[in-house]
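The values are calculated or read from the model by the stated rules, or taken from the named source; none is laboratory data. None of these values were measured; they are calculated from a predicted model. Note that each Cβ is placed from the backbone with ideal geometry, even for glycine, and that neighbours are counted across all protein chains shown. Accessible surface areas use protein heavy atoms only, side chains included; no ligands, DNA or RNA. Shrake-Rupley method; radii C 1.70, N 1.55, O 1.52, S 1.80 Å.
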Amino acid sequence: MSLNNIIDLRSDTVTVPTPAMREAMASAEVGDDVFGEDPTVNRLQEMAAERLGFEAGLFVASGTQGNLIAVMTHCQPGDEAIVGDQTHFYLGEQGGMASIAGVNPRPLPNQPDGTMRLEDIQAAIRGDDAHYPITRLIAIENTHNKIGGVAVTAEYTLALAEFAHARGLKLHVDGARVFNAAAALDVPVSALTGPADSATFCLSKALSAPVGSVLCGSRDFIKAAHRRRKVLGGGMRQAGILAAAGIVALEEMPQRLKDDHANARLLADGIARIPGLTPVGNVPTNMVYFDIDPGLPFDGHELCRRLETMRIKALLTGARRIRAVLHCWISREDVLETLRALDTAVKDGDKMTSSGAKVGSY
Ligand code: TLP
């Protein structure tokens, strides 16, 4: 089922609330959440914490806000956080970790499975020297967006948490799409988050809620995080209207994510059969990145423009790289239509030209 007759594959952030979510929003019981008195927000926070394997949760405006609050709560200005060099935290959040939290990001190479090598992390941990910031936090992303939506395993997460704790460090999981990871790996989501000291996940992406993320951690951590949320302008008062959709998202959406993953593989397999287009990686979850061979006479910008004339939107992520994200508003039939459109666009490629448009790094 497409949105407004458009097959919008740019992101799963474009998902709109389901009819059940709209009903829950209309009848939500609300209160002032800054006083902790919104029963619907409180229920969502409890449910989220329980699913992720933590004591408490905090409803926040976005994944970016949740990650920033996590870093501000774990660290002091002048501390350092070890992050993957391909993470959204490092590349896609305006450097808020540095500019707002005052925390130095220490990027390490992300591996093709979304992890950082423990030996690289060990080598990056600062010694006791007045020249250096103090290493305080390690952050990972699951699923890993830029690495094709790869799901980071429970075994790695547990090993990394033990490694961090043995060295007095904290571990945060940016689990924007951690329910997709759990579905792909067939594990409870808590196996991918519970070993860490904090984790965020987004209600507003693959789970299709309109707004919001939840940051989870220990009771003390969430109490401190609550203060940070307020100073960042995140005290949202009768936010139960939004949380009500989040509750439906948690109850109804995780069990259908495998359908999106199957559609992603259908799309990738079809793309692989179109001469000149090459899917990147093995497409383990809901994201399909694909490249346009250098031999074709048009670039990604031009291909996206051409697709738009056929009511299909995809995201340009490199001069010759495009991302398509599957979600609950994209059916199998939409995938087949997308493949037909891509085939037509590539066959007509001689009528297209490269735009030379500048492409951002995210
Ligand atoms: N990702 C968005 C864009 O910003 C690229 C997308 O369409 O994929 N962590 C991860 C892994 C993310 O992919 C995103 C958003 C965030 C955090 C930030 O979430 P929001 O947009 O809610 O601040």
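Any residue in the stretch 39-57 that's within 20 Å of Ser204 (Cβ to Cβ): show its pairings with residues that are open to solvent by 20 Å² or more (accessible area, probe 1.4 Å) at Cβ separation under 6 Å, as long as the two are six or more apart or on different chains.
That search, which allows pairs on different chains as well, returns Thr40/Ala28; Thr40/Glu29; Leu52/Ser190; Gly57/Gln45.
Would you please list the contacts, defined by Cβ atoms under 7 Å and residues six or more apart or on different chains, that run from a residue in the stretch 265-278 that is free of Cβ contacts under 8 Å to residues at least 60 places away in the same chain to a residue that is surrounded by 20 or more Cβ atoms within 10 Å (Cβ to Cβ)?
Once the first residue is free of Cβ contacts under 8 Å to residues at least 60 places away in the same chain and sits in the stretch 265-278, its partners that are surrounded by 20 or more Cβ atoms within 10 Å (Cβ to Cβ) give Arg265/Val283; Ala268/Pro279; Ala268/Val283; Ala268/Val288; Ala272/Pro279; Thr278/Phe290.
Are there any pairs with C-beta distances below 6 angstrom linking a residue in the stretch 207-219 that is not assigned by TED's automatic domain parsing to the domain that holds Phe54 to a residue that is away from the ligand (no atom under 11 Å from the Cβ) and open to solvent by less than 10 Å² (accessible area, probe 1.4 Å), with the two at least 6 apart or on different chains, and if so which?
Note: no pairs meet the criteria.
When the stretch 222-263 is examined, which residues are found to be over 27 Å from Ala182 (Cα atoms) and within 16 Å of the ligand (Cβ to nearest atom)?
Once the filter is applied, which keeps residues that are over 27 Å from Ala182 (Cα atoms) and within 16 Å of the ligand (Cβ to nearest atom), the stretch 222-263 yields Arg228, Arg229, Leu232, Gly233, Gly234, Met236, Ala239.
Filter the stretch 210-221 for residues that are within 11 Å of the ligand (Cβ to nearest atom), within 11 Å of Ala243 (Cβ to Cβ) and surrounded by 24 or more Cβ atoms within 10 Å (Cβ to Cβ) and give the result.
Gly212
Check Ala245, Ala324, Ala224, Ala264 and return the single one that is assigned by TED's automatic domain parsing to the domain that holds Gly36 and open to solvent by less than 10 Å² (accessible area, probe 1.4 Å). Spell out how you get there, then give the answer.
Values: Ala324 fails: assigned by TED's automatic domain parsing to the domain that holds Gly36; Ala224 fails: open to solvent by less than 10 Å² (accessible area, probe 1.4 Å); Ala264 fails: assigned by TED's automatic domain parsing to the domain that holds Gly36.
The match here is Ala245.
Starting from the stretch 5-21, take each residue that is more than 22 Å from Leu336 (Cβ to Cβ) and in contact (Cβ under 8 Å) with a residue 24 or more places away in the chain and list its partners that are away from the ligand (no atom under 16 Å from the Cβ) and of a type in the set (Asp, Glu), counting only C-beta distances under 7 angstrom and pairs at least six apart or across chains.
The qualifying pairs are Ala20/Glu252.
For residues that are surrounded by 19 or more Cβ atoms within 10 Å (Cβ to Cβ) and free of Cβ contacts under 8 Å to residues at least 40 places away in the same chain, tally how many sit in the stretch 296-311.
2
How about the stretch 52-99: which of its residues are within 9 Å of the ligand (Cβ to nearest atom) and either modelled with pLDDT under 95 or of a type in the set (Phe, Trp, Tyr) (or both)?
Residue satisfying the conditions is Phe89 alone.
Which of the residues that make up the stretch 58-96 are open to solvent by less than 10 Å² (accessible area, probe 1.4 Å) and more than 22 Å from Leu203 (Cα to Cα)?
Cys75, Asp79, Glu80, Ala81, Ile82, Val83, Gly84
Identify all residues within the stretch 175-189 that are of a type in the set (A, V, I, L, M, F, W, C), in a helix (DSSP H, G or I) and either touching a residue at least 40 places away in the same chain (Cβ under 8 Å) or within 11 Å of the ligand (Cβ to nearest atom) (or both); write none if there are none.
Within the stretch 175-189, Val178, Phe179, Ala181, Ala182, Ala183, Ala184 meet the criteria.
Return the only residue of Ala196, Ala183 being within 20 Å of Ala56 (Cβ to Cβ) and either touching a Pro at 6+ places or on another chain (Cβ under 9 Å) or of a type in the set (Gly, Ala, Ser) (or both).
Just one listed residue meets the conditions, Ala196.
Select from the stretch 197-239 the residues that are of a type outside the set (Gly, Ala, Ser), over 30 Å from Ala20 (Cα atoms) and part of a loop (DSSP other than H, G, I, E, B) and list them in ascending order.
Listed by number, the residues that qualify are Asp197, Leu232.
Would you mind stating whether Val103 is within 14 Å of the ligand (Cβ to nearest atom), surrounded by 15 or more Cβ atoms within 10 Å (Cβ to Cβ), in the same structural domain as Val231 (by TED's automatic domain parsing) and not polar (S, T, N, Q)?
For Val103, the condition - within 14 Å of the ligand (Cβ to nearest atom), surrounded by 15 or more Cβ atoms within 10 Å (Cβ to Cβ), in the same structural domain as Val231 (by TED's automatic domain parsing) and not polar (S, T, N, Q) - is not met.
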